[in-house]
1. Would you work out which of Leu347, Asn217, Ser121 lies farthest towards the positive end of the dipole of the chain? Charges go on Cβ: Lys and Arg +1, Asp and Glu -1.
2. Provide the gained length on full extension for the span Arg33 to Thr138, in nm with one decimal, where the gain is 0.36 nm per separating residue minus the Cα-Cα distance.
3. Top to bottom by accessible area (1.4 Å), largest first, where do Met282, Met457, Met349 land?
4. Determine the gain in length on full extension of the stretch Lys379-Arg441; use 0.36 nm per residue of separation and subtract their C-alpha separation, reporting nm with one decimal.
5. Against the longest alpha carbon principal axis of the chain, how many degrees, from 0 to 90 and to the nearest 10, is the axis of helix 141-160 turned?
6. When the helices in the chain are scored as -39500 (n - 2.57) per DSSP H run of 4 or longer and the sum is shared across all residues, what 222 nm value do you end up with, to the nearest 500 deg cm²/dmol?
7. What ranking of Asp338, Asp310 comes out by heavy-atom accessible area, probe 1.4 Å, highest first?
8. Measure out, as a whole number of angstrom, how far apart the alpha-carbon centroids of the stretch 95-161 and the stretch 248-326 sit.
Amino acid sequence: MGRRVVVGVAVSVAVATCAVAAVVVGRRVKSRRKWKRLLAVLKDFDEACGTPVGRLRQVVDAMAVEMHAGLASEGGSKLKMLLTFVDKLPTGGEKGSYYALDVGGTSFRVLRVQLGGKRSSILAQDVEHEPIPPHLMTRTIEDLFDFIASGLKQFVEKGNGSQHSPVGRELGFTFSFPVKQTSISSGILIKWTKGFAIEDMVGKEVVECLQAALTRNGLDMLVTVLVNDTVGTMALEHYHDPDTVAAVIIGTGTNACYMERADAIIKCQGLLTTSGGMVVNMEWGNFWSSHLPRTTYDFDLDAESPNPNDQVFEKMISGMYLGDIVRRVILRMSLESDIFGPVSSRLSMPFILQYVTPLMAAIHDDDTPDLTEVARIMKEVLEISEIPLKVRKLVVKVCAVVTRRAARLAAAGIVGILKKIGRDGSGGIASGRSRSDTKMRRTVVAIEGDLYTSYTMFREYLHEALHEILGEDIAHHVILKITQDGSATGAALLAAAQSSSNIVDGHRTGIMNT
């Protein structure tokens, strides 16, 4: 009897042990399946984002062709290829004191530069920032521009009380809103963005509004240049380096400009310039090609954005959107598996991860053994806590895929510009010359924007792609230079260039239509 009890107990223990083991094994199998699903999501995303050099070269060709089409006729391309009427860039010979006003968001900047007449000779530079009260963003033209003119007047008067030379009358004006430029110093506001909504100014001449405010405030200054931030960046770098042929902004948003031959701007036949060229504002954020590696996440982002079917290139490479692509991939993973825990409500909010360049850079740069910075960001920003280390590594990989694709596409865009103007070693879009027949010149591209300047991995990915596309021999001649504060300083330098180089024998020369 005793033996039967012992045997029964042993059998029961064995059965229980087997049951526990079965539960453990079942959980492990279930966990492995969940993990495999997550890896499958990452693998599919990575493959869809693929940018092999062959595809990048297709993007290069498409960019060059679209540039050509945009120059041929209005509306001929998604690329607007806007004339800036800037036909001369600063040479370094400019002298004197010049001012710039930069209006492009919820604040404005005023800046003064003292130029010494030699290249890169900025003897002094002062800058002040002034917030624009929210109520002025929706009131009247006079209220807004009187406020700005008053701030400029105070800045000028403060400078006159110091060691600076007398006030220069020429003012460069950076106005980073959609404007149809009609001359180097005039343009019509197409629409407001960034929270501004002064309806009676839409369709008005921007510089006239500012000039009237300057007069009302007793400031004897003349707006001689109206530019956007990309053109200012190019002007500043050209002042330092005459081999500068283009400028690119890669930050919250993205855009590019470059110097084009006047005779290549077919949509403005008869355009004459003193230099034979003109800076063209590409508005390249709106570039589209079937060769762009768009994923289901990109299509969903576009559909839920304020401007669907618009700015496709920008939505793949700029800081405003990269974080939302990452969010969408992580959301898909969390729906496939509970390995992230309950789905965070924040994870389901579109565009909660806007302007996240510092966060993505921090995730990429986290070299701690347990990725503590990644864990902190996930908890504080997305309210996802206590995720395993291997899942944190997965998040890093998602950021890497998104960043690498963005940087490599940006590189293809830059090479597209170089191809259009014959600086990629091929002799240009319409040339039949081969690389071996073309002597490559030193070519400088100015770059501004925190995605490029502050995100190490983005910059490295971009450089890697540039070398892959061009080849080492050609890439050796292409220099990407970081430019700081070009939007304001460049406008002041352009005002100086207009003052010193566009007056010949007492007559103003410039751009004419014949």
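1. Leu347
2. Result for the pair: 32.3 nm of gain on full extension.
3. Reading off the accessible areas and sorting them downward yields Met349, Met457, Met282.
4. Separation in residues times 0.36 nm, less the Cα-Cα distance, equals 17.3 nm.
5. 70 degrees
6. That calculation yields -15000 deg cm²/dmol at 222 nm.
7. Largest accessible area first, the list is Asp338, Asp310.
8. 28 Å
The values are calculated or read from the model by the stated rules, or taken from the named source; none is laboratory data. Keep in mind that this is a model prediction, so the values were computed, not measured. Neighbour counts are summed over all protein chains in view; Cβ atoms, including those assigned to glycine, are modelled from backbone coordinates with ideal geometry. What goes into the accessible areas is simple: the full protein's heavy atoms, side chains included, and nothing from ligands, DNA or RNA. Shrake-Rupley method; radii C 1.70, N 1.55, O 1.52, S 1.80 Å.
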